[in-house]
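Asker: This is the structure I have questions about; it appears just below.
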Number of protein chains: 2
Amino acid sequence: MKPPDSGANAAIRRAVEAGFEAQTRFLAELVAIPSVRGQEAPAQDMMEAALRERGYAVDAWTIDPAALAPLPGFGPVTHDFSRARTVVGSWRPETATGRSLILQGHVDVVPPGPLEMWTTPPFEPAIRNGWMHGRGAGDMKSGLVGALFALDAIRAAGYAPAAPVHLQSVIEEESTGLGALSACQRGYRADCVLIPEPGDHCLTRAQVGVLWFRLRVRGRPTHVAVAGTGSNAITAAMRMVEALQGLEAEWNERAKAHPIYAHVDHPLNFNPGVISGGDWPSSVPAWCDVDCRIGILPGARIEDAQAEIQGCVAQAASGDPFLRENPPEVVWNGFLAEGWVLENAEEPESVFADAFSTVFGAPAPEERLMTALTDTRFYGLYHGMPALCWGPIAENIHGFDERVDLDSVKRSTEVMALFIASWCGLVKA
Amino acid sequence: MKPPDSGANAAIRRAVEAGFEAQTRFLAELVAIPSVRGQEAPAQDMMEAALRERGYAVDAWTIDPAALAPLPGFGPVTHDFSRARTVVGSWRPETATGRSLILQGHVDVVPPGPLEMWTTPPFEPAIRNGWMHGRGAGDMKSGLVGALFALDAIRAAGYAPAAPVHLQSVIEEESTGLGALSACQRGYRADCVLIPEPGDHCLTRAQVGVLWFRLRVRGRPTHVAVAGTGSNAITAAMRMVEALQGLEAEWNERAKAHPIYAHVDHPLNFNPGVISGGDWPSSVPAWCDVDCRIGILPGARIEDAQAEIQGCVAQAASGDPFLRENPPEVVWNGFLAEGWVLENAEEPESVFADAFSTVFGAPAPEERLMTALTDTRFYGLYHGMPALCWGPIAENIHGFDERVDLDSVKRSTEVMALFIASWCGLVKA
């Protein structure tokens, strides 16, 4: 093992620069694959091929939700999961002397929404003014590809990590986290985890937990001529949503006493994100489904949050004669994720700060308290692994014209490469 | 021409009784055809074949919306209309001596909703305790088939109407009325119109008008982590619906001064009937569409109602910074129908009351003020034809387990046959 000296660091940074055109091309190819939920397979194929081509030992497997269901952090899936795969490429030196590392990114992206709202099509990546536009360009194909090319740069500079490195390409980050959970269940462990989610170069100090649920509201259909005798599931769903907005306000009020989130404005967001109900304008609708997301604080128990949500909906329904007899259902259909705080990670944080400082000058990255989540929680909460989340500058993630700053991607790749070199140590290749 | 005597009446009623098993079978076959909007063709094929088989002169044509668009009462269609047909079977005596008649019914039915809510499948008609269950059994295949078999009974009794009779099988009654409008445009006229919609044996004295519209609400999508910076189209749509509920209340308040509807409780119903929005629980939704229906009073002008609806939505949007810049759209996508009152119809009403009295004993049918509409309006409003709407007892129309009372269907068929005989007069066949 050879600790990186300034000469090695400089060579690695030059290699990132030299490889950046190929990296940008690779990123564009990956962004062009519409890897929305259930359709991640071709993106995983591309990552697997890239890992094999580079000589990594590749472990790729179909995820079996039944094997994961008993594990903490599991969130239920209801769609066809037969193509759901995790891909891990591993570098294992002949004699490991340094500290091992997991680099992880997700290929799943959220749906693009109406295409006419995009300046250029979401899956035809376009570079304008130094930004690559496209769904997933920011969240988080640029980080995943950055990790791959950071390792390439170390190799191109004539080195190899002196400890095992696992590059994990996962899915389901946006909905359950089952990709990351499957890697944990498969047994992948390391002395540190780095997940390069887009984060404006800020280190994630804490993240909220998230619950997904479907609110299923029934109605009593009638001809609208006698609408008063029916029960409109759409307007009933609206009353349930209002009640949940009340719960959201209450939770944010309580958050003002939280040791970490006390000073974050409105950390817990409730979002009715998808709605569907009824089938005829002149019939009182018999059903309305609302897919919802709500945040919970680190330290909050999933079961308690679930009970409060159930109670809120039951309470709101109790005032209505029809809903009292036909109570809305709350179906847990995705994330059941706890919040998490990065603690006891002084060693990797310090090594990371050095790498950051080399590239950006400032002594250490700023920190952020996220009002969303990342896959880091699985490693931190359930396996005691320090898990850093840090990545490039992106805008409009989950919105239209999502984009990532390519200069930031390059510098982030440098930071990652220097961190790998320093954390794992280097051997001459 | 021979006015029907009690002997002819008795023979006709016996013929209805004798034919009722075949009538019930025919009705079940027609109910088994899922003639929801856009899929009415096989039901129209069945009606056309039945009319041809009986020797009527059949006129069946594809409806051209462009030819109807300039006509009063037109409502826009946005779906594939290439299979939309009207079928008319006409009886024309060699020498017409009596009063001519249009008998009209619609084969289109509203969607059945979730199948699991039905005791027996909506398009597998089942008879239980004297009721035929099935979507459209009540609204209004039983009435349409009743008209066909009423004519059959007259023939079976050895007679024929002494004046032209047009049996019109139409579509789009539930959405625009374009089937009826196309028959008007084609030139069909008569001294009276009878539409046997289900109505618990009540004669329709008045009906409201109806407007359909799609409320298209935009949002500003963001990651839900920063939901406060976005604009949720679903919750925005809820605010628009609330505003329209306010308009509904105001209109019903005004209705208390209406010469006819003053004492009808809540005659004008607003119904958000279909909703659809967003595509991801953890993204702030960028759009939400709500398909709505609202009633207007007889005498109210369509343009005035449209302007009030537009103004209500604009006003509700004006308080929101995002919606002010991205105002919700109101798209007129179906009924633009005026209300209507049956007036100046003493002659057909009197003849109808006699037929009713012969079957039910009571001197005349009770009257109803409908809070929905029927196709009668086209004849009454735009062509000065008296148009009676009267039909059998049905339950749960537009709901689950729609059903029609078969004894009521039989007696209604008798009433129709006697009315035809008396209105048109009879000749020996």
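The values are calculated or read from the model by the stated rules, or taken from the named source; none is laboratory data. Just so we're clear, the structure is a prediction, and the values are computed from it rather than from any experiment. Here Cβ is always computed from backbone atoms with ideal geometry, including for glycine, and neighbour counts include all displayed protein chains.
Asker: Regarding A:PRO70, is this residue part of a loop (DSSP other than H, G, I, E, B) and over 21 Å from the mean Cα position of the chain (by Cα)?
Answerer: Here the answer is yes, as A:PRO70 does meet what is asked.
Asker: Among the residues of the stretch A:117-125, is any in the same structural domain as A:ILE397 (by TED's automatic domain parsing) and part of a helix (DSSP H, G or I)?
Answerer: yes
Asker: Could I ask something else about it? Could you say which residue among B:ARG99, B:ARG155 is within 20 Å of B:THR413 (Cα to Cα) and not in a loop (DSSP other than H, G, I, E, B)? First the steps, then the outcome.
Answerer: Details: B:ARG99 fails: not in a loop (DSSP other than H, G, I, E, B).
Exactly one of B:ARG99, B:ARG155 is within 20 Å of B:THR413 (Cα to Cα) and not in a loop (DSSP other than H, G, I, E, B), namely B:ARG155.
Asker: Scan the strands (runs of 3 or more DSSP E) fully inside the stretch B:333-422 and keep the ones with 3 or more residues being touching a helix residue (DSSP H, G or I) at 6+ places or on another chain (Cβ under 8 Å), within 22 Å of B:PRO164 (Cα to Cα) and assigned by TED's automatic domain parsing to the domain that holds B:GLY177.
Answerer: Per the criteria, B:387-389.
Asker: Still on this model: Please state which of the following conditions B:MET140 fails to meet, knowing it meets all the rest: (1) away from chain A (no Cβ under 14 Å); (2) under 15 Å from B:GLY391 (Cβ atoms).
Answerer: (1)
Asker: While we're here: Is it fair to say A:ARG52 is under 21 Å from A:GLU124 (Cα atoms) and in the same structural domain as A:ALA156 (by TED's automatic domain parsing)? Step through it out loud before you land on a result.
Answerer: Numbers: under 21 Å from A:GLU124 (Cα atoms): no; in the same structural domain as A:ALA156 (by TED's automatic domain parsing): yes.
No, not satisfied.
Asker: Considering only residues of the stretch B:63-80 that are touching a helix residue (DSSP H, G or I) at 6+ places or on another chain (Cβ under 6 Å) and crowded, with 16+ Cβ neighbours inside 10 Å, which is farthest from B:PRO164 (Cα to Cα)?
Answerer: Looking at residues that are touching a helix residue (DSSP H, G or I) at 6+ places or on another chain (Cβ under 6 Å) and crowded, with 16+ Cβ neighbours inside 10 Å, I get B:VAL77.
Asker: On to the next question. Could you tell me which residue of the stretch B:185-200 is nearest to the other protein chains (Cβ to nearest Cβ), considering only residues that are in contact (Cβ under 8 Å) with a residue 40 or more places away in the chain and surrounded by fewer than 21 Cβ atoms within 10 Å (Cβ to Cβ)?
Answerer: B:ASP200
Asker: From the list B:PRO76, B:PRO125, B:PRO121, B:PRO112, pick out the single residue that is of a type outside the set (D, E, K, R) and more than 21 Å from the chain's Cα centre (by Cα).
Answerer: Numbers: B:PRO76 fails: more than 21 Å from the chain's Cα centre (by Cα); B:PRO125 fails: more than 21 Å from the chain's Cα centre (by Cα); B:PRO112 fails: more than 21 Å from the chain's Cα centre (by Cα).
Of B:PRO76, B:PRO125, B:PRO121, B:PRO112, the one residue that is of a type outside the set (D, E, K, R) and more than 21 Å from the chain's Cα centre (by Cα) is B:PRO121.
Asker: In the stretch B:238-257, what residues are at the interface with another protein chain (Cβ under 9 Å from one of its Cβ atoms) and of a type in the set (D, E, K, R)?
Answerer: Result: B:GLU242, single match.
For (1) in contact (Cβ under 8 Å) with a residue 60 or more places away in the chain; (2) touching a Cys at 6+ places or on another chain (Cβ under 8 Å); (3) crowded, with 20+ Cβ neighbours inside 10 Å; (4) in the same structural domain as A:THR176 (by TED's automatic domain parsing), each residue gets a yes or a no:
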| site | (1), (2), (3), (4) |
| --- | --- |
| A:PRO272 | no, yes, yes, no |
| A:SER283 | yes, no, yes, no |
| A:CYS292 | yes, no, yes, no |
| A:VAL313 | yes, no, yes, no |
| A:GLU325 | no, no, no, no |
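Asker: So which residues in the stretch B:94-130 are farther than 29 Å from B:THR176 by Cα and of a type in the set (A, V, I, L, M, F, W, C)?
Answerer: B:ALA96, B:ALA126, B:ILE127
Asker: Among B:ILE260, B:ILE294, which is the only one that is hydrophobic (A, V, I, L, M, F, W, C), more than 7 Å from chain A (Cβ to nearest Cβ) and assigned to a strand (DSSP E or B)?
Answerer: Of the residues listed, the single one that is hydrophobic (A, V, I, L, M, F, W, C), more than 7 Å from chain A (Cβ to nearest Cβ) and assigned to a strand (DSSP E or B) is B:ILE294.
Asker: Has the stretch A:390-408 got at least one residue that is surrounded by 23 or more Cβ atoms within 10 Å (Cβ to Cβ), under 14 Å from A:ARG205 (Cα atoms) and in contact with a Leu (Cβ under 6 Å, 6 or more places away or on another chain)?
Answerer: Yes: the stretch A:390-408 contains one or more residues that are surrounded by 23 or more Cβ atoms within 10 Å (Cβ to Cβ), under 14 Å from A:ARG205 (Cα atoms) and in contact with a Leu (Cβ under 6 Å, 6 or more places away or on another chain).
Asker: Taking B:ASP152, is it within 14 Å of chain A (Cβ to nearest Cβ) and either of a type in the set (D, E, K, R) or closer than 27 Å to B:GLU349 by Cβ (or both)? Spell out how you get there, then give the answer.
Answerer: Details: within 14 Å of chain A (Cβ to nearest Cβ): no; either of a type in the set (D, E, K, R) or closer than 27 Å to B:GLU349 by Cβ (or both): yes.
Criteria not met by B:ASP152.
Asker: Could you list, in sequence order, all residues of the stretch B:346-379 that are farther than 10 Å from B:ALA206 by Cα, touching a Pro at 6+ places or on another chain (Cβ under 7 Å) and surrounded by 18 or more Cβ atoms within 10 Å (Cβ to Cβ)?
Answerer: Within the stretch B:346-379, B:PRO348, B:PHE356 meet the criteria.
Asker: Answer yes or no: is there a residue in the stretch B:300-312 that is assigned to a loop (DSSP other than H, G, I, E, B) and not acidic (Asp, Glu).
Answerer: Within the stretch B:300-312 (the criterion being assigned to a loop (DSSP other than H, G, I, E, B) and not acidic (Asp, Glu)), the answer is yes, since at least one residue qualifies.
Asker: Going by the structure shown, is B:GLY143 within 27 Å of B:PHE400 (Cα to Cα) and out of contact with any Gly (no Cβ under 8 Å at 6 or more places or on another chain)? It would help to see each step written out before you state the result.
Answerer: Numbers: within 27 Å of B:PHE400 (Cα to Cα): yes; out of contact with any Gly (no Cβ under 8 Å at 6 or more places or on another chain): no.
Spelling it out, it is not the case that B:GLY143 is within 27 Å of B:PHE400 (Cα to Cα) and out of contact with any Gly (no Cβ under 8 Å at 6 or more places or on another chain).
Asker: Let me ask something additional. Here are some conditions: (1) more than 8 Å from chain A (Cβ to nearest Cβ); (2) surrounded by 22 or more Cβ atoms within 10 Å (Cβ to Cβ). B:THR229 meets all but one. Which one does it not meet?
Answerer: Every condition holds for B:THR229 apart from (2).
Asker: Which residues, taken from the stretch A:263-279, are assigned to a loop (DSSP other than H, G, I, E, B), at the interface with chain B (Cβ under 7 Å from one of its Cβ atoms) and more than 12 Å from A:THR371 (Cβ to Cβ)?
Answerer: Those that are assigned to a loop (DSSP other than H, G, I, E, B), at the interface with chain B (Cβ under 7 Å from one of its Cβ atoms) and more than 12 Å from A:THR371 (Cβ to Cβ): A:GLY278, A:ASP279.
Asker: Sticking with this one: Test each condition in (1) surrounded by fewer than 24 Cβ atoms within 10 Å (Cβ to Cβ); (2) touching a residue at least 40 places away in the same chain (Cβ under 8 Å) for A:GLU116 and report the one that comes out false.
Answerer: Of (1) surrounded by fewer than 24 Cβ atoms within 10 Å (Cβ to Cβ); (2) touching a residue at least 40 places away in the same chain (Cβ under 8 Å), only one is false for A:GLU116: (2).
Asker: Okay, next question. Which of the residues that make up the stretch B:318-332 are assigned to a loop (DSSP other than H, G, I, E, B) and not polar (S, T, N, Q)?
Answerer: Passing the criteria: B:GLY319, B:ASP320, B:PRO327, B:PRO328.
Asker: It is to be established whether one or more residues within the stretch B:201-214 are more than 14 Å from chain A (Cβ to nearest Cβ), under 30 Å from B:MET385 (Cβ atoms) and not in a strand (DSSP E or B).
Answerer: There is at least one residue in the stretch B:201-214 that is more than 14 Å from chain A (Cβ to nearest Cβ), under 30 Å from B:MET385 (Cβ atoms) and not in a strand (DSSP E or B).
Asker: Of everything in the stretch A:280-291 that's facing another protein chain (nearest Cβ under 7 Å), in a strand (DSSP E or B) and touching a helix residue (DSSP H, G or I) at 6+ places or on another chain (Cβ under 7 Å), which residue is modelled with the highest pLDDT?
Answerer: For the stretch A:280-291, the residue satisfying everything is A:CYS288.
Asker: With B:PRO321, B:PRO327 as the choices, which residue is more than 30 Å from A:VAL210 (Cβ to Cβ) and over 24 Å from the mean Cα position of the chain (by Cα)?
Answerer: After ruling out the rest, the residue left standing is B:PRO327.
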